[in-house]
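Chemist: Pasting in a structure now, in structure tokens, and then I'll have a few things to ask.
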Amino acid sequence: MKVTFNPAKVKAVSATSGIDQAKVTWTKVKNATGYEVYCSTTEKKGFKKVATVKGGSVTSVDLKDLKSGTYYFKVKALAKAGKKTLKSDYSKASEAVKVWTLTWSDEFNGNSLDTNNWSFEKGQTGWGSAEYTLYTTDGSNCKLADGNLVIIPRIQYNKETKKFNASSATSARINTKGKKEFTYGKIEIRAKASKAIGTWSAGWMLGADCDTNIWPKCGEIDIMEGMSGGVPQAIHCEYFNNQATAPGGNKNYDTGLTQAKAAEDFHTYTALWNETSIEFSVDGKRVGLYDPSKYKEDIREKCWPFNHDFFLNLDCTIGGNATGLYYFTKPYDATGWTVVKEDGNIQTLEDYFYIDYVRVYQ
């Protein structure tokens, strides 16, 4: 009499989501020679094989051909009996994981800014967050080079008076308002901040209803900000914002980077935004979670204006209330600035905010 035993069931199957893929792990089964990995959009049926693994107890499953959504994973153990391959029963399903797919991006690989995506925004000195900067719309403070968008803050310095000319400060601010607007998603900005003292590099989102639902009621999501006071990620709403009158104060999350570190190399800044929360991370490391459900019901409405379309903004200002309005009235300090022109006593200085890409996954 010949008796054949199938391999034991696989235990402890888990999965974590990524961009267009999931990482699936499980506990090894004794004498198993391999494993088959299955996935489904429902927990109890419809499982289809997506990977075969020889030995090991982990695999990355390519999900590029699947639609965005929630997926469950099961695993079967394999063993050889002569020429036959024996399979265990299905393991229990993993917990649900979210699969993200790229829905829009700008990789900045062309020769000029794509105006189907972006518009220049004009702003006068003292506008916005009280920055000194005049935002130009002619492209003189913005270029595409080596696969990057480069935003160029520029200012003049008088060697005779030993003062910066704050009224000469120019830069660029661009946005996707009315062109590319999003509700929920995983938003990534890979960027290298400006290193010059007094500058403020930023990649952020603003509620698309901002013209009628005036800030901070429209909501703001700061995905990255690089400035002398640090490199935070933050949200702004009626209850939490950077004004002295905000009932809840600020809601900033410290990335652990300094402006100098953020300017040394590129980092990937991410906001994972869904119906109930916003999670911030840098280079895949979680920085903080904004979850309004923990606040009292009577203030929750003022905490969550993040349930409608938002548009993207990229800019690098000079001065502003986050860099210190006093900066350019102090004695000369050109740390990080590059002198690009001299005309008598007048020096023209500039620096550079590099953006490799902006990507939205949903």
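Each value in this text was obtained by applying a stated rule to the coordinates, not by laboratory testing. Every value quoted in this text rests on a predicted model; they were computed, and no experiment measured them. In this analysis, Cβ positions are derived from the backbone assuming ideal geometry, glycine residues included, and neighbour counts consider all displayed protein chains.
Chemist: Longest span of the chain, sites excluded, free of GluC sites (Glu not before Pro) in DSSP loop with at most 10 other C-beta atoms within 10 Å?
Modeler: Maximal segment without exposed cleavage sites: 1-159.
Chemist: Further question: Quick check: from the Cα gyration tensor, does segment 131-202 come out rounded (a/c under 1.5), prolate or oblate?
Modeler: Since a/c reaches 1.5 and a/b is larger than b/c, the shape of segment 131-202 is classed as prolate.
Chemist: On a 22 Å Cα-Cα criterion, which of the cross-link pairs K30/K92; K143/K186; K9/K98; K195/K217 come out too long?
Modeler: K143/K186; K9/K98; K195/K217
Chemist: Right, another one. Which percent, to the nearest 5, of DSSP beta bridges fully inside the chain are antiparallel?
Modeler: Antiparallel: roughly 95 percent of the beta bridges in the chain.
Chemist: Once Lys and Arg get +1 and Asp and Glu get -1 on their Cβ, which of I174, S94, N250 lies farthest toward the positive end of the dipole of the chain?
Modeler: S94
Chemist: Excluding residues on the same chain fewer than 8 positions from K162, give the lysines whose Cα lies under 20 Å from its Cα.
Modeler: Result set, ordered by chain and number: K330, K341.
Chemist: Sequence neighbours fewer than 8 away in the same chain don't count; with that in mind, list the aspartates and glutamates whose C-alpha is under 12 Å from K192.
Modeler: In chain and number order, the partners are E225, E264, D265, D351, D356.
Chemist: Also, I was wondering about something else. Using a 4.7 Å cut-off between beta carbons, which cysteines in the chain end up with no partner cysteine at all?
Modeler: Singleton cysteines: C39, C142, C237, C303, C316.
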